[in-house]
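The values are calculated or read from the model by the stated rules, or taken from the named source; none is laboratory data. Here the structure is a predicted model, which means the values were calculated and not measured. Protein only, heavy atoms only, side chains kept; ligands, DNA and RNA dropped before computing areas. Shrake-Rupley method; radii C 1.70, N 1.55, O 1.52, S 1.80 Å.
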Amino acid sequence: MADRNTMQKAIIHQTLRKMGCHPTAAMVYDRVHRDHPTISRSTVYRVLARMAEEGKVLRLELAGGESRYDGDLSPHCHVRCRLCGAVADIPPVEVGQPAGDGGFLLESCAVVYRGLCPGCRRQGEAQC
(Lines give C-alpha, C1' and ligand atoms only; values in the text may rest on other atoms or scores of the structure.)
Protein backbone atom coordinates (compact mmCIF):
# COMPACT_ATOMS: atom_id res chain seq x y z
CA MET A 1 0.00 0.00 0.00
CA ALA A 2 1.29 3.49 -0.82
CA ASP A 3 2.31 5.67 2.10
CA ARG A 4 0.06 8.50 3.22
CA ASN A 5 2.25 11.19 1.66
CA THR A 6 2.22 9.48 -1.75
CA MET A 7 -1.55 9.07 -1.57
CA GLN A 8 -1.99 12.74 -0.67
CA LYS A 9 0.21 13.77 -3.61
CA ALA A 10 -1.82 11.60 -5.96
CA ILE A 11 -5.11 13.02 -4.65
CA ILE A 12 -3.89 16.60 -5.04
CA HIS A 13 -2.50 16.00 -8.54
CA GLN A 14 -5.65 14.18 -9.65
CA THR A 15 -7.83 16.97 -8.26
CA LEU A 16 -5.84 19.62 -10.11
CA ARG A 17 -6.10 17.69 -13.38
CA LYS A 18 -9.87 17.24 -12.97
CA MET A 19 -10.45 20.92 -12.19
CA GLY A 20 -8.98 22.05 -15.50
CA CYS A 21 -9.58 25.73 -14.73
CA HIS A 22 -6.07 26.86 -13.76
CA PRO A 23 -6.94 27.14 -10.06
CA THR A 24 -5.05 28.88 -7.29
CA ALA A 25 -3.64 26.75 -4.47
CA ALA A 26 -6.57 27.89 -2.32
CA MET A 27 -9.05 26.64 -4.92
CA VAL A 28 -7.29 23.25 -5.09
CA TYR A 29 -7.32 23.04 -1.30
CA ASP A 30 -11.06 23.78 -1.15
CA ARG A 31 -11.80 21.00 -3.65
CA VAL A 32 -9.42 18.50 -1.99
CA HIS A 33 -10.73 19.33 1.49
CA ARG A 34 -14.32 18.68 0.43
CA ASP A 35 -13.60 14.98 -0.23
CA HIS A 36 -10.52 14.51 1.98
CA PRO A 37 -10.88 16.70 5.08
CA THR A 38 -7.77 15.25 6.72
CA ILE A 39 -5.46 16.77 4.06
CA SER A 40 -4.28 20.11 5.41
CA ARG A 41 -4.00 23.43 3.62
CA SER A 42 -0.22 23.47 4.17
CA THR A 43 0.09 20.02 2.60
CA VAL A 44 -1.80 21.11 -0.53
CA TYR A 45 0.30 24.28 -0.89
CA ARG A 46 3.56 22.40 -0.27
CA VAL A 47 2.70 19.57 -2.68
CA LEU A 48 1.69 21.98 -5.46
CA ALA A 49 4.90 23.98 -5.01
CA ARG A 50 7.01 20.81 -5.09
CA MET A 51 5.21 19.44 -8.15
CA ALA A 52 5.82 22.76 -9.94
CA GLU A 53 9.54 22.67 -9.02
CA GLU A 54 9.75 19.08 -10.29
CA GLY A 55 7.98 19.98 -13.57
CA LYS A 56 4.98 17.76 -12.86
CA VAL A 57 2.57 20.73 -13.07
CA LEU A 58 2.87 24.26 -14.40
CA ARG A 59 2.82 27.25 -12.07
CA LEU A 60 1.43 30.29 -13.87
CA GLU A 61 2.73 33.45 -12.26
CA LEU A 62 0.43 36.02 -13.78
CA ALA A 63 0.87 39.72 -13.09
CA GLY A 64 -1.66 41.14 -10.69
CA GLY A 65 -2.80 37.86 -9.21
CA GLU A 66 -2.04 34.73 -7.25
CA SER A 67 -0.12 31.91 -8.88
CA ARG A 68 -2.34 29.50 -10.79
CA TYR A 69 -1.63 25.83 -11.45
CA ASP A 70 -2.06 23.80 -14.62
CA GLY A 71 -1.90 20.01 -14.73
CA ASP A 72 -1.68 19.99 -18.55
CA LEU A 73 1.98 19.74 -19.56
CA SER A 74 1.31 19.58 -23.31
CA PRO A 75 2.57 22.57 -25.34
CA HIS A 76 0.03 25.40 -25.11
CA CYS A 77 -0.32 29.08 -24.26
CA HIS A 78 -2.72 30.85 -21.91
CA VAL A 79 -5.14 33.73 -22.12
CA ARG A 80 -6.29 35.70 -19.08
CA CYS A 81 -9.40 37.85 -18.85
CA ARG A 82 -8.45 41.39 -17.89
CA LEU A 83 -11.72 41.86 -15.98
CA CYS A 84 -12.49 38.67 -14.06
CA GLY A 85 -9.06 37.00 -14.15
CA ALA A 86 -10.28 33.75 -15.74
CA VAL A 87 -7.50 31.75 -17.41
CA ALA A 88 -7.89 29.41 -20.39
CA ASP A 89 -5.68 27.33 -22.65
CA ILE A 90 -5.13 28.29 -26.27
CA PRO A 91 -3.06 26.62 -28.99
CA PRO A 92 0.71 27.10 -28.81
CA VAL A 93 2.62 29.63 -30.85
CA GLU A 94 6.23 29.38 -31.91
CA VAL A 95 8.44 31.88 -30.11
CA GLY A 96 11.89 32.54 -31.56
CA GLN A 97 15.11 33.21 -29.72
CA PRO A 98 15.40 36.91 -28.79
CA ALA A 99 18.14 39.01 -30.38
CA GLY A 100 19.53 39.87 -26.95
CA ASP A 101 19.18 38.67 -23.40
CA GLY A 102 19.71 41.90 -21.44
CA GLY A 103 22.37 40.15 -19.42
CA PHE A 104 19.90 37.55 -18.14
CA LEU A 105 20.44 33.81 -18.25
CA LEU A 106 17.26 32.83 -20.09
CA GLU A 107 15.58 29.78 -18.58
CA SER A 108 12.07 29.70 -19.98
CA CYS A 109 9.42 31.60 -21.88
CA ALA A 110 5.66 31.62 -21.36
CA VAL A 111 3.19 33.32 -23.66
CA VAL A 112 0.12 34.75 -21.92
CA TYR A 113 -2.42 36.73 -23.88
CA ARG A 114 -4.80 39.20 -22.24
CA GLY A 115 -8.34 39.90 -23.35
CA LEU A 116 -11.97 39.46 -22.38
CA CYS A 117 -13.52 36.09 -21.64
CA PRO A 118 -16.89 35.22 -23.23
CA GLY A 119 -18.79 35.99 -20.00
CA CYS A 120 -17.26 39.44 -19.58
CA ARG A 121 -17.78 40.18 -23.28
CA ARG A 122 -21.50 39.29 -22.97
CA GLN A 123 -21.79 41.48 -19.87
CA GLY A 124 -20.18 44.39 -21.71
CA GLU A 125 -22.48 43.95 -24.71
CA ALA A 126 -25.53 43.93 -22.42
CA GLN A 127 -24.49 47.33 -21.01
CA CYS A 128 -24.33 49.01 -24.44
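Tabulated results
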item: Within the accessible area of the range 12-128 (1.4 Å probe), percent carbon and sulfur; result: 50
item: Rounded tilt (10° steps) of 25-35 against the dominant C-alpha axis of the chain; result: 40
item: Extended-chain gain in nm, criterion 0.36 nm per residue less alpha-carbon gap, Q123 and T6; result: 37.7 nm
item: MRE, 222 nm, helices only [DSSP H, n ≥ 4, -39500 (n - 2.57), over the chain, to nearest 500]; result: -12500 deg cm²/dmol
item: Calculated percent of Cα pairs over 20 Å apart (choose from [x] 48; [y] 54; [z] 37), label; result: [y]
item: In degrees, nearest ten, helix 118-127 long axis to first principal axis of the chain (Cα); result: 50
item: Chain lengthening between I90 and S108 when straightened (0.36 nm per residue, less Cα-Cα); result: 4.6 nm
item: Cut-off under 5 Å, modelled amide H: who pairs with L62 long-range; result: R68
item: Helix axis angle, 41-53 relative to the chain longest principal axis, alpha carbon, degrees; result: 60
item: Segment L116-K18, extension gain: residue separation times 0.36 nm, minus the distance between their alpha carbons; result: 32.9 nm
